[in-house]
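Working notes, structure below.
The values are calculated or read from the model by the stated rules, or taken from the named source; none is laboratory data. None of these values were measured; they are calculated from a predicted model. Glycine also receives a Cβ, built like all others from the backbone with ideal geometry; neighbour counts cover every protein chain displayed. Please note that ligands, DNA and RNA were not included when accessible areas were found on the heavy atoms of the full protein model with its side chains. Shrake-Rupley method; radii C 1.70, N 1.55, O 1.52, S 1.80 Å.
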Amino acid sequence: MALSDTKQQLELIAEKTERAADIGPRILREIKSSILFQYKWEELLMSGPVSISCLGACFVAAASPKANVIFTPPSTGRFAELIDSGGEYGLKANLVHCANLGNYAFIEAESGMSVINMTSENVYNIVDDIMGTLESPQDAKILLPQQLETLGESATTCYEAAKKIDLKFEKWLYHVCELHVACIATQTSTNDKLIANDIERSATQISIDYQKVTVAQLEKTTKKLEEQLDVTTEAYKKASDGFPTGWDLLGQQIVGQLADSLTTALNQAIPALVDNLNPIAKAKAVANLAGDLIHGDGKEKSSDNPSTNGATSAPAADRHITSPAATRPKDADDPAYTQAARDLPFFELVNGVFVGDDGGIDWDKAKGEPGKANQSIAFAAKMLQSSKTAFPSLATSAEPSKTYIGALATACEIANGIKGELDKAKDIKYTLPSKESTTVQKWRSDFTSAFGALTQLNATAKSFPGSPAGGAGIASGVDPGVQTAQINAKTAQSQMLLDAGKNRLTTTQAALVATQDTYQKSTELLTQQQARFAELNANLERLKSANMTLSEIKAVLVQCIMLVVNLKTQITNLVRFFKAIATTVEFVLNKQVKPFITTIKAITSDGVDPNEAFKVGQYTMTDLQRSAIFNSTLTIRAYYSVFGDIAQMWMDMSQSNIFPGLRMLDELSALDVERDKSIVQKKAGELQRWSQKASEDVFAAAKSKQDKVLGGMKSRVATIAKTTRMLPPPPKEIQKAIENGVENSKLAAEKGIEKQVQGSLVGKFCRAVVATQDLPARSIVETSPVLIMPLHDLNALKSTLLNHYTYNWPIKNAETGVVSQTQAVALGLGSLFNHSSLQQNVGWSRDLTGQCIVYKALRDIRAGEELCINYGKLWFVDADEKQGQPRDDDEDDFLSSIEIFD
């Protein structure tokens with residue numbers, strides 16, 4: 001039940017005001033939680049074991065007689081990546097070389113991740129030291145620059161380690177891509193050309209030109225940060241000019257929002273800094289060769305698939321490299337978002353003079369406290385007018401700037417109008433407008449709209465990935481005794497504190513819920529991703545044979561490319577991130593720390609703070625400088641911890657889920673693929689089974705970690721919800737503005753997730769069927785007609801890849817009545833359902849009369865879930881099968897033993 005007494009409400013807000021020791025952990029937690037959905041260590045580790053299994057398949061392919069192929073070089077006379085022997089480019093030798101390159105890449109990954117892991121641990125200690133140093137001027141003067149320089153050096157160390165890993169994976173990727181293209185040139189089909197087009201685009205997106213950094217873009221981004229720092233400094237000085245004594249709570253709000261605006265600006269800059277390390281304009285090793293040898297009339301393949309009663313074929317769940325900006329609203333870097341944070345206290349001050357939802361103006365509050373020269377509304381008018389003058393130099397033509405400019409103009413007009421009425425009221429004969437006056441009614445209506453617009457901008461910014469939902473912190477706390485005394489005063493600032501507290505708690509809760517929902521959505525992809533990798537593993541096992549054909553070899557290479565792209569995507573994220581952090585640290589050192597040190601040196605030399613004249617409540621400009629460094633360092637630490645976790649989890653899990661596979665690869669590499677064909681086949685099978693078990697272990701660890709993270713998020717949401725329930729809700733217009741603002745960011749994040757999934761290379765060649773709407777249990781999901789193969793075609797069918805996707809089908813001889821078993825190919829979505837024995841949610845039955853297969857939901861299925869069937873007795877390893885579990889290896893029972901009948 002909400003508290004009805006204003007004093008009790010104020011006391012509750014004061015009680016919930018953060019203590020200095022709690023600010024840092026809260027900011028770290030909120031920033032990290034908000035970006036976890038973008039960067040997840042499980043995406044790297046889950047694809048590792050399957051990739052190693054794929055390297056084993058390369059050895060099996062090299063042992064096939066069909067691998068005795070010599071490639072014709074391109075028109076340049078040489079391949080860019082393939083190795084030659086005696087001037088000849090052989091498929092067999094390059095398959096072995098491909099496997100070795102993959103092995104080298106994983107070895108480099110182990111070395112590089114070890115460096116990143118150890119350096120990250122050191123970074124956390126450095127940040128802790130910086131937090132302590134900020135509290136002591138004497139220590140800060142000597143230690144702070146050194147600590148920031150060490151932080152920057154650590155980011156560079158991690159960047160170089162990640163770069164080495166990336167270059168090894170790039171070498172592997174370019175080689176396998178070129179090998180695939182060479183195979184296509186030997187035996188070309190239209191589908192091969194389409195695949196090559198997709199591979200070319202994917203390789204380009206994750207290739208970095210380390211020799212070329214866009215200096216102009218870097219300068220533009222840092223210049224924006226400098227401008228925001230300058231505007232914030234000027235806003236502080238403007239607020240300090242004639243700031244009313246005794247308004248310490250308002251001072252706390254102003255300084256807190258100024259610090260928050262700088263954190264917002266930094267969070268806006270990080271995606272741009274990440275993007276500054278540009279992809280290569282064209283991956284020439286792939287693109288040029290493909291164009292020379294095979295590209296002709298290949299056109300984009302349509303990915304449209306007709307939906308069937310709530311089921312649709314969709315790209316599988318894997319993430320492609322995209323900018324962090326892809327998960328943010330359009331124009332998320334607009335300066336209106338930082339300006340909204342700066343101006344929020346002044347909008348709140350104007351809002352505080354209005355009485356109730358439909359009342360007039362509390363003229364006493366508008367005047368300010370008795371005996372004070374400054375009217376509260378006059379102070380708000382001055383600050384809003386200052387913003388109106390300053391913002392045009394920052395504004396863009398985008399919608400956020402337009403919205404802010406409109407809201408600011410309205411607020412200025414109303415604040416000045418109220419101030420004008422107060423000036424007239426100096427004449428004791430003048431009667432101030434009542435709530436029934438047209439002027440006051442219009443002011444209320446217009447200001448409600450303007451305040452709602454600004455609140456929505458602020459709520460959107462608070463929900464950006466990387467933004468602390470509860471706002472940034474002030475490095476120096478407020479005196480609790482002063483705060484308690486002031487919240488009991490019936491002043492405009494106490495009303496502002498109450499309204500601001502309710503609005504901010506509501507915004508924080510909504511942003512945390514959005515973070516939780518977005519993370520939940522991203523975790524739902526984990527099971528789908530596990531199914532994708534299980535399917536890839538199963539495909540590899542099906543393809544392995546002593547006489548692998550060239551078509552099957554090409555299929556192995558495509559699977560290899562998909563997996564390398566997935567791995568390199570995550571490695572490239574590391575490279576771009578650490579480069580961005582190094583640049584961010586340099587900015588903080590030069591533009592925040594050095595000016596702060598200049599101030600500290602003056603204080604420690606003669607005991608006089610040169611910023612003492614600029615005072616806002618209890619705070620000086622020095623406190624704002626300290627708070628800027630405090631929040632920037634915490635932001636860096638929060639981002640760092642996400643990528644440090646990737647390295648830590650790699651180190652924790654690689655010994656059991658990566659290195660055993662590499663040792664098996666070494667054993668394969670030592671064999672003669674010509675002489676030891678049967679041994680190669682056997683060891684590749686052992687490698688595949690290990691890969692399946694390792695993938696399951698990573699999946700289980702990832703699921704456990706995700707559940708723990710979600711549990712923490714839910715706990716924090718519940719805690720803050722308990723407080724907000726004790727306060728009256730904000731006015732409905734403000735509540736709606738908060739909801740809309742948060743929804744803007746949430747929808748952008750979810751669309752970014754979907755875009756990344758849809759852009760996946762694995763998604764193009766590893767399909768899934770996903771529910772597009774809720775499906776009740778036992779409802780028909782799909783009815784697929786079948787193509788029944790004549791008995792005399794079965795031998796021919798068994799020599800094709802299509803044989804791996806057929807259903808057993810009984811047919812009756814019309815003359816003799818004898819029933820025989822043939823194979824049937826399911827059309828529609830029937831051949832696209834993936835297999836799972838543990839996650840199966842769809843059953844199927846054969847309609848022999850109607851010559852179709854009917855698929856039904858086994859339980860209630862939510863929209864977005866992948867639809868999986870149980871193939872029955874598999875001749876390859878079941879995606880959910882535990883190692884050592886008895887299996888029936890009867891190939892003839894493939895896709896035949898599990899049927900669901902009414």
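At-a-glance table
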read-out	value
Contour minus Cα-Cα distance for Ala216 and Asp427 (0.36 nm per residue)	70.1 nm
Accessible surface, the stretch 526-625, averaged per residue in Å² (probe 1.4 Å)	27 Å²
Protection proxy ranking of 238-244, 692-698, 431-437 - average other beta-carbon atoms within 10 Å, highest first	692-698, 238-244, 431-437
Rounded Å value of the spacing that divides the Cα centres of the stretch 235-274 and the stretch 386-426	18 Å
Theoretical gain in end-to-end length, Lys442 to Thr723 [0.36 nm per residue, Cα-Cα removed]	97.8 nm
Ordering of 330-340, 659-669 by packing [mean C-beta count within 10 Å, highest first]	330-340, 659-669
Euclidean distance of C-alpha centroids, the stretch 718-745 and the stretch 573-646, integer Å	31 Å
Extent along principal axes [Cα atoms of the stretch 617-708; Å; largest to smallest]	83, 29, 14
Computed label-point distance, nm, for sites Ala409 and Glu686 using a 7 Å Cα→Cβ extension	7.7 nm
P(r) weight above 18 Å for the stretch 63-181, C-alpha pairs, percent	65 percent
Solvent-accessible heavy-atom area per residue, rounded to whole Å², over the stretch 655-756 at 1.4 Å	49 Å²
Rg/Rh for the stretch 571-729, where both radii come from Cα atoms and Rh is the Kirkwood radius	1.25
Pairwise FRET efficiency - Lys237 versus Met651, Cβ, R0 = 41 Å, nearest 0.05	0.25
Additional length obtainable on full extension of the chain from Asp860 to Asp517, 0.36 nm per residue less Cα span	121.4 nm
Separation of alpha-carbon centers, the stretch 18-71 and the stretch 812-863, rounded to whole Å	35 Å
Under the Debye formula (equal points on every Cα, no solvent term), log10 I(q)/I(0) of the stretch 571-639 at q = 0.27 Å⁻¹	-1.15
Quarter of Cα convex hull surface for the stretch 388-484, i.e. mean projection, nm²	10.5 nm²
Two-decimal log10 I(q)/I(0) for the stretch 16-75, as the Debye equation yields it once each C-alpha is a single scatterer, q = 0.22, 0.25 Å⁻¹	-0.93, -1.01
Ranked packing of 740-751, 702-713, most packed first, by mean Cβ within 10 Å	740-751, 702-713
Förster-model FRET efficiency, 56 Å R0, Lys708 and Ala814, C-beta, rounded to 0.05	0.35
Set Lys382/Lys426; Lys223/Lys746; Lys92/Lys163 screened for pairs whose C-alpha atoms are more than 25 Å apart	Lys223/Lys746; Lys92/Lys163
Cα-based Kirkwood hydrodynamic radius, the stretch 661-743, one decimal, Å	18.1 Å
5 angstrom amide H check on Asn841, placed H, neighbours 5+ away	Cys868
